[in-house]
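Some notes on the structure that comes next.
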Amino acid sequence: MMKKKTIITIKKPSKKETARIKSKIDLKDKIKTGRKEKYNARLFPAIAKRLAFENKNDKEIGDILGITEPTFIKYKKIYPEFFKAIQEGREEPNNEVRQAIVKCAKGYQYEEKVFERVYDNKKKKYVFVKTKTVLKHMPPNPAAQNTWVYSKMKDEFKKTESIDANIKTDYFIKEPEWETKSKKKGE
């Protein structure tokens, strides 16, 4: 018994069929497998900015958002608005502290309300009454000035001092006179 041979002829697809096949291949590339991402374009940047403002680190922010640290890092790379929100959140407190240090370093004026204690005959007790508002001056704070200088002008002002330690020790220290007099009296 002889086996029959089957001949398969391959027909070249038309341009229309080629385009349809390519579009199916492109769709397969775009389809993502696995679980849907939790990222929310409206909520995540706002929450992350607030948490960064409160000085939370990446792991803590990720825990609050319900994502792992690697996912958090991935979101920072993929979504620039998320990364920017975190940077802005961390920068705001730094700017506030800088402004406060500059204000203290220069000195400033502020208003203070002065209250006076007055005896009220009807109530038979002392009552505090606002008398006036006084403009006071806070002088420059040397500690704030040091902080500013050391952070902004490191090369010009250094905290460390180098001291030459070549000291000769071949001299004798003379005892104070009051010690020698007290020894002579006791003898």
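The values are calculated or read from the model by the stated rules, or taken from the named source; none is laboratory data. Quick caveat: nothing in here was measured; it's all calculated off a predicted structure. Every residue, glycine among them, receives a Cβ derived from its backbone with ideal geometry; neighbour counts consider all protein chains shown.
Within region 55-80, the set of residues being loosely packed, with under 11 Cβ neighbours inside 10 Å, touching a residue at least 24 places away in the same chain (Cβ under 8 Å) and closer than 20 Å to E92 by Cβ comprises N55 only. Summed over region 96-154, the residues that are farther than 28 Å from F53 by Cβ and among the small types (G, A, S) give a count of 1.
Show me the helices (runs of 4 or more DSSP H) entirely contained within region 67-155 in which 2 or more residues are at pLDDT 80 or above and touching an Asp or Glu at 6+ places or on another chain (Cβ under 7 Å). If you could, list the steps in order and put the result at the bottom.
Details: elements: 69-78, 80-106, 142-152.
Counting at least 2 such residues, we get 69-78.
Those residues that are basic (K, R) and farther than 29 Å from Q145 by Cβ, I need them from region 68-112; list them, please. Please lay out each step first, then the result.
To start, the set of residues in region 68-112 that are basic (K, R) comprises 74, 76-77, 84, 90, 98, 103, 106.
Answer for region 68-112, where residues must be basic (K, R) and farther than 29 Å from Q145 by Cβ: K74, K76, K77, K84.
Of everything in region 40-53 that's surrounded by fewer than 18 Cβ atoms within 10 Å (Cβ to Cβ) and touching a residue at least 12 places away in the same chain (Cβ under 8 Å), which residue is farthest from the chain's Cα centre (by Cα)? Don't jump to the end; show me each part of the working.
Going residue by residue through region 40-53, those that are surrounded by fewer than 18 Cβ atoms within 10 Å (Cβ to Cβ) are 40-43, 46-47, 50, 53.
Pick out the ones that are also touching a residue at least 12 places away in the same chain (Cβ under 8 Å) and you get 41, 46-47, 50, 53.
On the way: A41: 23, A46: 16, I47: 16, R50: 12, F53: 7 Å.
The qualifying residue farthest from the chain's Cα centre (by Cα) is A41.
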